[in-house]
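Below: one structure, written as structure tokens.
The values are calculated or read from the model by the stated rules, or taken from the named source; none is laboratory data. Just so it is clear, the model here is predicted, and its values are computed rather than measured. Positions of Cβ are backbone-derived with ideal geometry, glycine not excepted, and every protein chain shown enters the neighbour counts.
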Amino acid sequence: MFGGPRHCDPSTATSTVTLPNPCSSILQHNKMSRLLQIINLHNPVEFDELLQQRVLCGWDKTVREIEAWRAAMDAETRAMFWIVPPSLAHLPLPERYAGHIALVSETNPPNEELARRDKSILYISSLFIRPEHRGGLGRKAVQALESWAKVPPYGSPHCRAITLTALDRRYIEDDSEEWRGTWAKFGQEPPKKGGSTEDWYVRMGYVKWKDQPMFDEDCLDGTKIKLVAAFLRKNLRNK
């Protein structure tokens with residue numbers, strides 16, 4: 001599938017995130033966050049598993065790109081989490097990893113509408129769920145990630161909004177040549193209507209504020225096009 005928002009529709013080697021000193025405001029977050037475990041890309045097993053999952057996703061799927069993510073994690077501008085549903089938590093790694101998701105404070109190239117280094121705005125990126133584990137897990141993963149937005153060092157108490165980008169819904173819903181017709185340029189049939197990632201996030205409370213060309217894609221004839229992304233945002237409540 002082309003043009004996704006880098007969100008595509010697995011012991012001791014993986015450390016569970018340690019929460020700050022317990023307080024009542026963190027208890028619900030603790031419950032929600034059990035689904036997510038911090039990725040350690042200095043562990044070869046986890047590095048290889050993430051690479052395999054990215055190949056399945058089809059985006060950001062090279063060793064070089066995973067190494068860049070590792071550097072960003074070391075710089076604390078990117079936090080990446082394994083998605084570990086309770087039904088898989090007893091399995092050894094990497095079988096327990098149903099997918100992954102990231103929370104980013106600096107995009108590449110930098111865009112302060114989407115993310116800021118002070119973590120006042122954070123960007124959800126790289127959501128992937130293995131096909132055999134889909135069916136509501138993605139929604140739970142996003143909700144769990146939102147709970148980390150105000151928790152250092154992955155987020156900040158001063159985080160006021162979460163953003164993301166998704167393929168414009170018109171590539172799924174609009175029958176014109178400009179939109180659903182674009183799939184033919186990649187030798188693919190358009191997806192069934194009603195499956196827009198943009199609409200999926202809107203149902204989760206994200207609000208679109210603009211769209212613009214963003215995602216680079218190669219056509220069958222060798223030409224390149226830039227697909228339109230929807231920019232979405234959810235404001236966070238102060239607690």
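Test each condition in (1) small (Gly, Ala, Ser); (2) touching a Ser or Thr at 6+ places or on another chain (Cβ under 6 Å); (3) surrounded by fewer than 12 Cβ atoms within 10 Å (Cβ to Cβ) for residue 222 and report the one that comes out false.
Residue 222 satisfies every listed condition except (2).
Give the residues of segment 114-130 that are surrounded by fewer than 24 Cβ atoms within 10 Å (Cβ to Cβ) and of a type in the set (Lys, Arg), sorted by residue number.
Passing the criteria: 116, 117, 130.
Does any residue of segment 166-185 turn out to be closer than 27 Å to residue 97 by Cβ and of a type in the set (A, V, I, L, M)?
Checked segment 166-185: at least one residue is closer than 27 Å to residue 97 by Cβ and of a type in the set (A, V, I, L, M).
Under 7 Å between Cβ atoms, which residue pairs at least 6 apart in sequence (or on different chains) link something in segment 136-149 that is over 11 Å from residue 85 (Cα atoms) and modelled with pLDDT under 95 with a partner that is polar (S, T, N, Q) and part of a helix (DSSP H, G or I)?
Here the result reads 147/33; 148/33, each pair linking segment 136-149 to a residue that is polar (S, T, N, Q) and part of a helix (DSSP H, G or I).
When only residues in segment 28-52 that are of a type in the set (D, E, K, R) and assigned to a helix (DSSP H, G or I) count, which is modelled with the lowest pLDDT?
Here the residue is 31.
Can you pull out every residue in segment 88-113 that is surrounded by fewer than 20 Cβ atoms within 10 Å (Cβ to Cβ), among the hydrophobic types (A, V, I, L, M, F, W, C) and in a loop (DSSP other than H, G, I, E, B)?
Once the filter is applied, which keeps residues that are surrounded by fewer than 20 Cβ atoms within 10 Å (Cβ to Cβ), among the hydrophobic types (A, V, I, L, M, F, W, C) and in a loop (DSSP other than H, G, I, E, B), segment 88-113 yields 89, 91, 93.
In segment 169-189, how many are buried (at least 17 other Cβ atoms within 10 Å of the Cβ) and either assigned to a loop (DSSP other than H, G, I, E, B) or touching a Leu at 6+ places or on another chain (Cβ under 8 Å) (or both)?
The qualifying residues number 4.
Within segment 192-219, how many residues turn out to be outside any helix (DSSP H, G or I) and surrounded by fewer than 17 Cβ atoms within 10 Å (Cβ to Cβ)?
Residues in segment 192-219 being outside any helix (DSSP H, G or I) and surrounded by fewer than 17 Cβ atoms within 10 Å (Cβ to Cβ): 16 in total.
Name the residue that is nearest to residue 133 (Cα to Cα), counting only residues in segment 76-101 that are of a type in the set (Gly, Ala, Ser) and out of contact with any Asp or Glu (no Cβ under 9 Å at 6 or more places or on another chain).
This residue is 99.
Scanning segment 182-231 for residues that are aliphatic (A, V, I, L, M) and farther than 16 Å from residue 166 by Cα, which turns out nearest to the chain's Cα centre (by Cα)?
Within segment 182-231, the match that is nearest to the chain's Cα centre (by Cα) is 225.
State the number of residues belonging to segment 139-159 that are in contact with an Asp or Glu (Cβ under 8 Å, 6 or more places away or on another chain) and outside any loop (DSSP other than H, G, I, E, B).
Of the residues in segment 139-159, 0 are in contact with an Asp or Glu (Cβ under 8 Å, 6 or more places away or on another chain) and outside any loop (DSSP other than H, G, I, E, B).
Can residue 156 be described as within 23 Å of residue 78 (Cα to Cα), of a type in the set (Ser, Thr, Tyr) and surrounded by 12 or more Cβ atoms within 10 Å (Cβ to Cβ)?
Criteria met by residue 156.
For segment 49-64, which positions are within 15 Å of the chain's Cα centre (by Cα) and not aliphatic (A, V, I, L, M)?
53, 54, 57, 58, 59, 60, 61
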